[in-house]
Amino acid sequence: MYKSKNKDKKFNQFKRQLFLIKLIFDWNIRKKIKLNKVKKILLLRQDRIGDMIITTPLIRNLHNNGYKVSVISTKDSIEFIKSNPHIDKTFVWDWSWNYVELFKKILLIRKEKFDLAIDLREQLEPKTILFNILTGSKRLVGFNKSNFFSFDVSINYNNPKNHITMKMKEIMDSVFNLNYDSLEYDAFVSKMIDEKGKNYIDNLRKNNKKIVVINPFASLRERDMSLEQLADITKTLQFDYNNLEVVLIGEQSLLNTIPDTAGIHKYSSHSILDVIPIIKYCDLVISVDTAAVHLASAFNKKIVGLYGLFFWDVRFQKLKWQYFNSSALPKNFKIENYLHFNEYAWSPKTSNKSIQIFSQQGELINTIPPRLIIEGIKNILN
């Protein structure tokens, strides 16, 4: 009952905030985008590393077509693109900002005088909507935002069974009509970090051993693998395969919670950049986190991805579609037809062998029976 009341309160608070933002700030006469006038582009990507990885094809192709591309995102995501040569400037987004701090960042962004800003997200968050419509860019593009006049172009996009990278393709096609090279991901690190990771893997490859990397931790703790699952997987790999070395990756503080086991290696890393070469030079990646799955896809690795099939909060999702994009909705609108399917949207994007293993609907990853995970791993290894 208490959780239900909290959800109701949050839901009604969101509705009020969105109403006020639209009433006070959403005043704009939509204008056409003249591509010959666009030089500086700001990508609004206020989310996690995995989302940034799938955005790299868009960044690369915009850069290769002569645009100066800047990005605003969370600290870890900005860290990931630090060595990306296709990016002009980066700005850090902080979810803890109060509205005074938010407006200070808005003033900083407005000084850049961007020609075009692209909102890559669809989440129902008053802070990001307010920020995005006040960036001061000459034109603003977003997905499914036809009800907001501040968006000069609203791309009507509803393909829940498409891979998430198809949204990047949609921008390149419908906004820029670009000749793009591919939708492959980029992951850049310095030569020093790459050599450190390669040397670590090479030292484990004695007698031509295969390297299996396990990422048991996600960006949200409720999506982590359980210690029991991890123990069963590593014991089976050690017992059934004498030509493997197992490497665990993740934040050091989280790795420290895993009991030390003979023959199981923990790679000490300070940031996402440190684990990029570990994934690049290994043979198989097992991960509960889509960021590691996307990185493995970037290097065409064999992948075992673990996914929790969560239930959507239908009220929030319905409000998002109706509030942002009601003019584009059919009369027989059903929100169930507008929700992403994890097994499609966030699947591995590799031509190598890969497998997805899912929890029961509405259950967490840590409820997946270890035997199912082990069977999937063996299918890939054998």
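A few comments on the model shown:
- Scanning the stretch 213-230 for residues that are surrounded by 14 or more Cβ atoms within 10 Å (Cβ to Cβ) and not in a loop (DSSP other than H, G, I, E, B) gives VAL213, ILE214, ASN215, ARG223, GLN229, LEU230.
- VAL275 fulfils the conditions (1) of a type outside the set (D, E, K, R); (2) under 19 Å from ASP202 (Cβ atoms); (3) in contact with a Gly (Cβ under 6 Å, 6 or more places away or on another chain) except for a single criterion, (3).
- Filtered by the rule that a residue be out of contact with any helix residue (DSSP H, G or I) (no Cβ under 7 Å at 6 or more places or on another chain), part of a helix (DSSP H, G or I) and among the hydrophobic types (A, V, I, L, M, F, W, C), the stretch 251-274 gives LEU254, LEU255.
- Matching residues, the stretch 330-382, being of a type in the set (Gly, Ala, Ser), at pLDDT below 90 and farther than 29 Å from LYS318 by Cβ: SER351
- The residues on offer are ILE233, ILE201, ILE171, and the sole one that is among the β-branched types (Val, Ile, Thr), within 30 Å of VAL69 (Cβ to Cβ) and either in a helix (DSSP H, G or I) or free of Cβ contacts under 8 Å to residues at least 24 places away in the same chain (or both) is ILE171.
- Candidate set from the stretch 12-42 (those that are among the aliphatic types (A, V, I, L, M) and more than 21 Å from ASP173 (Cβ to Cβ)); member that is surrounded by the fewest Cβ atoms within 10 Å (Cβ to Cβ): ILE29
- Of all residues in the stretch 126-158 being assigned to a loop (DSSP other than H, G, I, E, B) and charged (D, E, K, R), the one that is surrounded by the fewest Cβ atoms within 10 Å (Cβ to Cβ): LYS138
- Neighbours by Cβ (under 8 Å, 6+ apart or cross-chain): first from the stretch 1-30, outside any helix (DSSP H, G or I); second among the acidic types (Asp, Glu) and modelled with pLDDT of 75 or more: ASN28/ASP152; ARG30/ASP152
- On the stretch given as the stretch 236-250, residues that are surrounded by 15 or more Cβ atoms within 10 Å (Cβ to Cβ) and either outside any helix (DSSP H, G or I) or not assigned by TED's automatic domain parsing to the domain that holds LEU295 (or both) total 8.
- Residue pairs meeting the criteria (Cβ under 6 Å; at least 6 apart or on separate chains; first surrounded by 12 or more Cβ atoms within 10 Å (Cβ to Cβ), in the stretch 362-373; second of a type in the set (S, T, N, Q) and outside any helix (DSSP H, G or I)): ILE365/SER359; ASN366/SER226; THR367/SER359; ILE368/SER359
The values are calculated or read from the model by the stated rules, or taken from the named source; none is laboratory data. It should be emphasised that the depicted structure is a prediction, and the values quoted were computed from it without experimental measurement. Because the Cβ atoms are built from the backbone with ideal geometry, glycine has one as well, and the counts that use them run over all protein chains shown.
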